[in-house]
Structures are given as structure tokens and as C-alpha cells.
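Just below is one structure, and these are the notes that go with it.
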Amino acid sequence: MTSPAELRHTAAHVLAYAVQDLFPEAKPTIGPAIEHGFYYDFERPEPFTPDDLIRLEARMKEIIAAGHPMIGMTVSRERAIECFRDNPYKVEIASEIPPEEPITLYTIGEFTDLCRGGHAASTAEIGAVKLMNVAGAYWRGDEHRPMLQRIYGTAWPTQAELDAYLVFLEEAQKRDHRKLGQELDLFSIQEEAGGGLVFWHPKGAAVREIVEQFMREGLRERGYLPVVTPHVVSEKLYETSGHLENFSANMFGPLEVESQRFRLRPMNCPGHILIYKSHPRSYRELPIRYSEFGTVYRFERSGTLHGLTRVRGFTIDDAHLFCTPEQLQGEFERTLDEALRLMRAFAFSDFEYFLSRREPHLRAETDELAEAAIRGALETFNLPYEIDEGGGAFYGPKLDINLHDAIGRKWQLGTVQVDFELPKRFDLKYRGSDGSDHRPVMIHRALAGSMERFFGVLIEHFAGNFPAWLAPIQAVIAPVSEHQFDYGRQVAEQLKTGGFRVELDESNEKLGYKIRHWKTQKVPYILVVGKNEAAAGTVNVNERGSSESREPMSIAAFAEELQQRIEEKT
Ligand SMILES: [Zn+2]
Ligand SMILES: [Zn+2]
């Protein structure tokens, strides 16, 4: 059985074959399979144009139809280098293959590539293929090496699957949070302020406030104590924590004041630890749970920045728990329970759990204890999980929670980490019931992860159609003409007094225009008020996504309906 990756990697060979035929001057380099498709990087002085892609795709279809078998052959290093003597990229790859590994060449028709294998038996297995776009990519991702042209494509066993994928892509594009963020005036990222830094506009900030408030209620119910800690602290703190040693590639450089070096914080943990350490602790106080919507700054290369999902400054819904080893399991379970409540409130229902273990050279005896607590909590809730070897934090293993959005895409958001390392580095203690000092265990947990990223995911998950409890504007009052402006103001006033987020459209546009405009703004309700409504003290309710015409209702009845949706989080 050919796997999707084998099929797509074979399609990459077919692309290189087509390029060899149509653009013999281009030098192929590497061509792996990726999720849903493949790419191949070529060196060529002239850029590939959209027309070139059309010609290449047509040639690929001929190669596929010819049903060339994929023929492999093991060769000596000398033979491989001789074979690719005109292509320095292939020579470089051939020279670097470890002596114990076989060097293999694979041929389809008239095209031979240096490759370690993993293919379909024949090009005929590729049922459908499409070239998507061209982008620049450095050879081996190194900005000091030549810039190549990367052609992206997608390949599927059948045309029907390709068609479904293209529909999915179109849907994903419609939901793109960068596009909706602008159209709905939610946020911006302004180049003149530097990349990767987010400006939350009033409507985006309104959603964030609601999300935060919902989270704060959960934190209060579960006994968390809010704290606030500095964004800039002495570099020494990160020496002690190990961040300078293990995480400095992701940190902003030092700031010097009075010959002391400071750093923008990349994580909130050291600040919370200092509060724990500010006075002696007794076992009676534990567990201590500190929470903070803590903004952190991390260096990301400008090429990797992406909307709200990859940024340089973001706020973590962060908390640190300090507990005894005996309390660890229970605290972990409570945290997991809280994570599930949170995700379900935002209409996510499909999750994946990963136990991420530390790299073998970082592992300590305590990793066993930590992993046992994570496994125990997952088993308590009967949740299936996978193991991510080497995916742990530098200070300990962790639980990662991935979720699927409304169109099935996966996002990594929450993480809960068990840490025996930082309590040791900062020499944290508590006085036990036996009167002697003990070391507490820490749990680091962020359930939404970054507020920015979470907002980006919410925008895409809901396609900008925020449910009424989250919508920045819950209802717009649209008077039919200026004669109903006064009545419109009364309606707005009454609803605002009830705590609802409403807006009155006092523009002189025609009603049809107003309705179209507010529909594009995706507000849950448009309340039309004309002569009859003003006389009867009612509103005419237009609900988002519904074409059903409803009887006019009293303002109080509408307020009740909206209130119910807020309570049900729909
Ligand atoms: Zn291959
Ligand atoms: Zn932390």
C-alpha cells in the first residue's frame, strides 16, 4: 500500500522530470513530501511564471499517464558524484551521506534522481496532481547560501480527493484571520512598529476582554491568586533559571542600564518564583497557584512571522502552581479538567493529547514521577494520548493539547508542564509537617497558550461569526429612516443598560445598504426599526445566518433571547 507521503514524494520526482524536459537549465536540489502535497527546490536564474506552472503541470500529467515504474539502484559514492557532476547541490548531498548508508538512485522514464527512497511503484498511482505556487527558499534554509525557487504542488490518489482538497483550501482562505482581522477591524500588525507585534483594535480588544473575563472566573473558582510581574528584569534571573543557556536564541538581546543587563522576559515563571520565595512557606499554604495574563517577548525570524499565530510579543494565560510531590497528581487533574472546560466553551470538541518527554540527555530521575502524574491524569479522564519523544521543555516533560477547528485543522494550544528543575535552581523550599525543609514541585500551565494565537484560531474556527456571547457588537439597530432615529436611540439605550454591546446605525444610507453592510460585519443580530415598530415599541429581528422572517418582538423579549444565548455561550 502506497502511503500519502510516498505518493506525494513520487509526484515531486515527476515535477523534477517535467522541469528537466521543459527547463533543462534548471538544477534540481531536494523534493520532499509535505502535509497534503510536496515541493521541489530548483536553481534557475529566470523565475518560474504562472504560465510555466501550467506547462509543467500538463507535462506532469503526461508522465503520470505513461505509468513509468520507479526503478531504484544502489551505487558507489564516486558513481553518484559522477552522475550529478553538473549539479553542485546533488554532489553536496552525495558527499555527505554517511559511509554506512547506501547511496541510491531512482529513475522514472528519462529522469534519474539521487534519493533515499520511499516511493509509489509507478507514476500511474498518482491519481491527481496540481501545482500551486512558487516561493523563494534558501539552499538548506541557510540565508548565506543560494536562493532557490520552490515549486509547491499537491497530489492525491483520485481527482475527487483533489477537488475536495481545493474546496477545503478555499474555505480556509475565506477564514484566514489576517484577512478577517482587517475586514472586521479586529487587529493590525504595522510594519512601521516592527513585525510580529500586535495592535488590538477596539473590537478585537472587546473579544479579548470577554475571553479573559471567562478565564478569570475559572481561575477564581479553582483557587488561583492573580499576580502581576515586570516585563523587564535583570538578566541574572535568566542565568539562574537556565533560560540564557537553553533558550537564548529565542530571547531579545540585553538592554543595559547603569551597567546592569536586563532582558525582556521570554517566560513568566521566574517572576512567579520570586513571589513564592519572598517569604518562608509552610506545607499548610500549599498548593499555591499564581496566575497572570503575562506578556512575553520572543525573537522569531522575520521570515517565520505569520499573522497572530507566529508573533514576537504575546500574552500567555499563564499560571504556576507550587505543590508537594503528593499533591502533584491531583493538581494536574484539576488543571486538565479546567483545560477541557475552557476549550468546550469555545465550541471545540475534538482534541488530541501528547505526553512530550524530554531529550534523553536532559532526563532525570524525577521525569518518571512527572510522567506518571501526566499519565495518571489522562487515565483518570479516560483520554487517549500519544508520546512525543524529545518534545518536552528543557526543565521537564509536559502534556500538550491539540485541537481541531471547525474545518478539521489542527492547532497546538494548551500545555501543562511538570517541573522539578526550576525549584532546584531557585532553591525553593517549604517547611513540612515534620518540621524540616522540603522542595516543592512546580506546574507551569497555559491553557489557551497565547491570547494572540488563540484569537487567531477563534477567528478562523468561527469564520469571524463570533457567537453572541463573544461578538464585539451583539446587535445593530437599523432605523428605516431618520424619523426613527429617536426611537432607535431609545432601543440602544435600553439594551446598553441591560449590559449588551449594541450599536445604532445613524447613517443616511438606505435600509438595504445598512443590512448588507452589517451582514458583512457578521453581527449576530440586526434590529430593524420602522414606523410600525416605533409606534408599537418593538424591533424587527434579523438573525445572522437565518432567512426566516420573524414577528416583531418587544425590546424586553429580544433582551431575554440575547441573554439566553450569552448564558448558553451560543
Ligand atoms: Zn525519491
Ligand atoms: Zn512557566
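The values are calculated or read from the model by the stated rules, or taken from the named source; none is laboratory data. Everything numeric here is computed off the predicted structure, so don't read it as measured data. FYI the Cβ positions are ideal-geometry reconstructions off the backbone, even for glycines, and counts take in every protein chain you see. Side chains are part of the model used for accessible areas, which takes the heavy atoms of the whole protein and leaves out ligands, DNA and RNA. Shrake-Rupley method; radii C 1.70, N 1.55, O 1.52, S 1.80 Å.
Relative contact order, percent, of region 350-454 when contacts are C-alpha pairs under 8 Å separated by at least 6 residues?
Details: 185 pairs, mean separation 26.9, N = 105.
Relative contact order comes out at 26 percent.
Ignoring any ligand, DNA or RNA, what whole percent of the accessible area of the chain comes from carbon and sulfur when the probe is 1.4 angstrom?
Details: 13730 of 27170 Å².
Here it works out to 51 percent.
If you average the sequence gap of Cα pairs under 8 Å that are 6 or more apart and divide by the length of the chain, what percent do you get for the contact order?
Computed value for the chain: 10 percent relative contact order.
Which value in Å does the Kirkwood hydrodynamic radius of region 491-545 take, with 1/r averaged over all unlike C-alpha pairs and then inverted?
Details: mean 1/r = 0.0827 Å⁻¹.
It is 12.1 Å.
Based on the Cα atoms of region 467-570, what semi-axes does the equivalent ellipsoid have, where each is the square root of 5 times one gyration tensor eigenvalue, given in whole Å with the largest first?
Each semi-axis is the square root of five times an eigenvalue, giving 19, 15, 13 Å.
With every protein chain left in place and a probe of 1.4 Å, what is the accessible surface of Lys130, to the nearest 10 Å²?
About 70 Å², rounded to the nearest 10.
Tell me whether region 1-154 comes out rounded, prolate or oblate; compute the Cα gyration tensor, take square roots of the eigenvalues as a ≥ b ≥ c, and use a/c under 1.5 as the rounded threshold.
Judged from the Cα gyration tensor, region 1-154 comes out oblate (a/c at least 1.5, b/c at or above a/b).
For region 443-522 and region 270-298, compute the distance between their C-alpha centroids and round to whole Å.
Rounded to whole Å, the Cα centres lie 38 Å apart.
Around Met70, with a cut-off of 14 angstrom between Cβ atoms, what is the net charge of the other residues, counting Lys and Arg +1 and Asp and Glu -1?
-2
Regarding the chain, what are the three Cα extents along the principal axes, ordered largest first, in Å?
86, 76, 53
Report the GluC sites (Glu not before Pro) located in region 467-570 that are in a DSSP loop and have at most 16 other Cβ atoms inside 10 Å of their Cβ, or state none.
Sites meeting the loop and neighbour criteria: Glu506, Glu509, Glu548.
Over all directions, what mean area does the Cα convex hull of region 184-294 project, stated in square nanometres?
For the Cα atoms of region 184-294, the hull's average projected area reads 10.1 nm².
Report, in whole Å, the centroid distance computed from the Cα atoms of region 123-147 and region 170-229.
So the separation of the two Cα centres works out to 34 Å.
Any idea what diffusion coefficient region 184-228 gets from Stokes-Einstein, in µm²/s, Kirkwood Rh on alpha carbon pairs, 20 °C, 1.002 mPa s?
This corresponds to a translational diffusion coefficient of 172 µm²/s.
Using the basic label-point model (7 angstrom from Cα toward the beta carbon), what is the Lys179 to Arg77 distance in nanometres?
Modelled inter-label distance: 5.0 nm.
How big is the Cα convex hull of region 46-136 in projection, averaged over all directions, in nm²? It would help to have the intermediate numbers written out before the result.
Values: hull surface 28.6 nm².
For region 46-136, the mean projected area of the Cα convex hull comes to 7.2 nm².
How long is the gain from Thr240 to Thr380 if the chain were fully straight, where each residue apart is worth 0.36 nm and the alpha carbon distance is subtracted?
Value of the extension gain: 46.8 nm.
Between Lys410 and Glu101, what length in nm is gained on full extension when 0.36 nm per residue of separation is reduced by their alpha carbon distance? Display every interim value, and only then the final one.
Numbers: separation 309, 0.36 × 309 = 111.24 nm, distance 3.50 nm.
Extra length from Lys410 to Glu101 when fully extended: 107.7 nm.
Heavy-atom accessible area per residue, the chain, 1.4 Å probe: how many Å²?
48
Can you sort Tyr290, Tyr283 by solvent-accessible area, 1.4 Å probe, largest first?
Tyr283, Tyr290
For region 152-241, just the Cα atoms, rotate onto the principal axes and tell me the three extents in Å, largest first.
In descending order, the Cα extents are 57, 35, 31 Å.
What accessible surface, in Å², does a 1.4 Å probe find on Lys179, ignoring ligands, DNA and RNA and rounding to the nearest 10?
My reading of the accessible area for Lys179 is about 80 Å².
Post the alpha-carbon centroid distance, region 231-259 to region 20-97, in whole angstrom.
Their Cα centres are 45 Å away from one another.
Largest first, please: the extent of the C-alpha atoms of region 269-375 along each principal axis, to the nearest Å.
Here the Cα extents, ordered largest to smallest, are 47, 37, 35 Å.
In deg cm²/dmol, rounded to 500, what helix-only [θ] at 222 nm does the chain give when every DSSP H run of at least 4 residues adds -39500 (n - 2.57) and the total is split over its residues?
Theoretical 222 nm ellipticity from helices: -11500 deg cm²/dmol.
With all protein chains present and a 1.4 Å probe, how do Asp427, Asp505 order by accessible area, largest first?
Largest accessible area first, the list is Asp427, Asp505.
How large is Rg/Rh for region 198-252, to two decimals, with Cα atoms and a Kirkwood Rh?
1.13
Keeping all protein chains in position, work out how much accessible area Trp200 exposes to a 1.4 Å probe, and write it in Å² to the nearest 10.
60
Taking just the alpha-carbon atoms of region 359-464, what radius of gyration and Dmax come out, in angstrom?
Final numbers for Rg and Dmax: 17.1, 57 Å.
Please grab the % of Cα pairs in region 377-418 that end up more than 16 Å from each other. Before the final figure, lay out each step's value.
Values: 401 of 861 pairs.
For region 377-418, the share of Cα pairs beyond 16 Å comes to 47 percent.
Quick one: Debye curve from the alpha-carbon atoms of region 1-87 only, equal weights, vacuum; give me log10 I(q)/I(0) at q = 0.17 Å⁻¹ to two decimals.
-0.83
Would you tally the net charge around Gln484, using a Cβ to Cβ cut-off of less than 9 Å, leaving Gln484 out, and scoring K and R as +1, D and E as -1? Please report the intermediate quantities before stating the final value.
Numbers: positive: Lys531; negative: Glu482, Asp486, Glu533.
That works out to -2.
Give me Rg over Rh for region 107-193, both radii from the alpha carbons and Rh done the Kirkwood way, two decimal places. Before the final figure, lay out each step's value.
Numbers: Rg = 19.0 Å, Rh = 17.1 Å.
With Rh from the inverse mean 1/r over Cα pairs, Rg/Rh is 1.11.
Compare the Cα positions of Phe351, Cys323, Ala377 along the charge dipole of region 297-429 (+1 at Cβ of Lys, Arg; -1 at Cβ of Asp, Glu; about the Cα centre) and return the one farthest towards the positive end.
Positive-most Cα among the choices belongs to Phe351.
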